[in-house]
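What follows draws every value from the coordinates through simple rules; no lab data is involved. Every value quoted in this text rests on a predicted model; they were computed, and no experiment measured them. FYI the Cβ positions are ideal-geometry reconstructions off the backbone, even for glycines, and counts take in every protein chain you see.
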Amino acid sequence: MSECLWYALQVRPRQEHFVAGLLANRGYEVFLPVYSSSRRMSDRVKIHETPLFPGYIFCRFALGAGGRLIVTTPGVAHIVKFGGRPATLHQDEINAIRTIVRSGLPALTCDLILEPGAKVFIESGPLAGIEGILLQRKSESQLVVSIPLLRRSLAVVVDTSWIASKRVASAA
């Protein structure tokens with residue numbers, strides 16, 4: 001029996017919620033990180049949950065029969081691969097994203113991959129327990145958590161008093 005690991009699934013455009021619901025109904029553990037955004041309508045403001053990683057969801061399953069069932073799910077394009085093999089995500093990466101989403105702090109995705117170095121550990125505050133790279137942008141300190149598999153990163157503004165030990169990386 002294969003071990004259940006986290007995989008990234010690429011889904012059809014704007015199908016993240018639909019696919020996540022289908023997979024959850026089939027008994028899979030699914031994670032779709034979202035943030036709330038508001039849109040002004042003529043008569044009201046509508047709150048909308050937008051995926052942090054458009055076109056991707058995370059799913060935990062065992063390869064083999066489980067993987068075959070995943071890719072036949074309507075809306076799933078494919079399992080993200082690296083070197084021709086389905087690439088797994090570490091539980092720490094999933095936990096870091098969950099912590100950022102639960103914190104309620106505004107986070108944004110960016111297309112950059114950061115090289116290792118200038119790592120910090122958040123000791124207190126709403127992001128306590130996660131590790132990332134600290135950037136100094138203007139007067140703000142940002143913690144960046146990278147998801148190399150998706151070639152994306154999340155950046156969130158942090159209070160420097162939350163940091164256990166820091167080395168500041170310069171930002172462009």
Förster-model FRET efficiency, 35 Å R0, residue 123 and residue 85, C-beta, rounded to 0.05: 0.45
Listed residues 26, 60, 152, most fluctuating in the chain (Gaussian network, C-alpha, under 10 Å): 26
Sorted by Cβ neighbour density within 10 Å, fewest at the top, the residues 81, 138: 138, 81
Spin-label model distance (nm) - residue 22 vs residue 151, 7 Å beyond Cα toward Cβ: 2.6 nm
Volume per residue of the C-alpha convex hull in the range 5-89, rounded to whole Å³: 99 Å³
Spatial separation of Cα centroids for the range 1-78 and the range 146-166, in angstrom: 23 Å
Close Lys-Lys pairs in the chain, where close means Cα under 27 Å and separation is 8 or more or interchain: 4
For the chain, convex hull of alpha carbons as volume per residue, Å³: 153 Å³
Ellipticity estimate at 222 nm from DSSP helix runs (n ≥ 4, -39,500 (n - 2.57)) divided over the chain, nearest 500: -5000 deg cm²/dmol
Relative contact order (percent, whole number), the chain, Cα cutoff 8 Å, 6+ residue spacing: 21 percent
